[in-house]
Amino acid sequence: MEIAAGEWWESGSWWQLAVTITASLAVGALAAWATIRANNPKREVNWWVQSNTPLMGEQFAGGNLSVHFVGVPVANPRIVELVIQNGGRRDITAGMFHNGEAIQFDFEADVCTVLDLTTSPTGSVPPRTNTAGWTVTANETSGESWLEIKPCLLRRGQLVTVTLLIDGDEKPVRCTRFPLVDVEEASVPPGLRSRALTDAFANTVLQIGPFSIGR
């Protein structure tokens with residue numbers, strides 16, 4: 001008995017079996033992943049810039065309007081809101097900061113001072129911050145571009161907003177030091193990265209022989 005070339009490939013029952021096996025493997029992999037996820041809850045710190053607003057537009061440049069800090073004019077004042085959130089499923093403790101080092105952010109412009117620091121939900125403890133501060137010598141100013149978040153307890157879901165006075169142009173904010181042990185860093189709000197991955201998967205087409213799974 002001769003089998004025509006391609007007959008097995010075109011058999012509907014063969015492909016039904018192949019799809020069933022593939023689906024079973026996928027379900028098994030998802031179950032294993034869910035078990036690992038449940039036994040090892042993820043810790044993650046999310047951070048992002050909520051706003052970066054100049055205090056004076058071009059129409060006021062060189063005019064009579066000015067912003068002063070500690071009695072000295074700020075040439076290019078900006079208000080920056082930096083948001084930090086424990087986006088994971090467990091608390092993050094101060095002991096998880098390796099060697100007691102702080103998280104550090106760089107604004108690529110002089111940090112004049114921290115204007116405000118808020119935290120939610122009610123009852124959560126705000127972290128301590130540190131900056132180099134402004135140095136004024138004979139009306140000349142100098143400063144550093146970094147902000148530190150000291151080792152602290154960040155409760156699950158806790159959100160911290162730090163409002164700063166910056167002197168300089170708008171630049172991308174970078175996390176230049178992240179010393180937390182077994183904690184992931186994400187420079188996006190919680191859920192944004194997972195939604196992007198879900199959308200990417202939903203738009204993926206899996207080709208198995210003559211069949212397509214997905215869209």
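Since every read-out is calculated from the coordinates, none of them should be taken as a lab result. Keep in mind it's a predicted model, so treat the numbers as computed, not measured. Because the Cβ atoms are built from the backbone with ideal geometry, glycine has one as well, and the counts that use them run over all protein chains shown.
Residues whose amide H comes within less than 5 Å of that of LEU180, counting only those at least five positions distant or on another chain, are HIS98 (H built at 1.01 Å from N in the peptide plane). DSSP finds beta bridges in segment 44-190, and of those with both partners inside it, around 95 percent are antiparallel. Taking packing as the residue-averaged number of other Cβ atoms within 10 angstrom, the listed peptides 109-122, 157-170 run from highest to lowest as 157-170, 109-122.
Per-residue Karplus couplings for segment 115-123, computed as 6.51 cos²θ - 1.76 cosθ + 1.60 with θ equal to phi - 60°, are listed in order as 7, 7, 8, 10, 9, 9, x, 4, x Hz, Gly and Pro entered as x. What the Cα atoms of segment 44-190 give is an Rg and a Dmax of 16.4, 52 Å.
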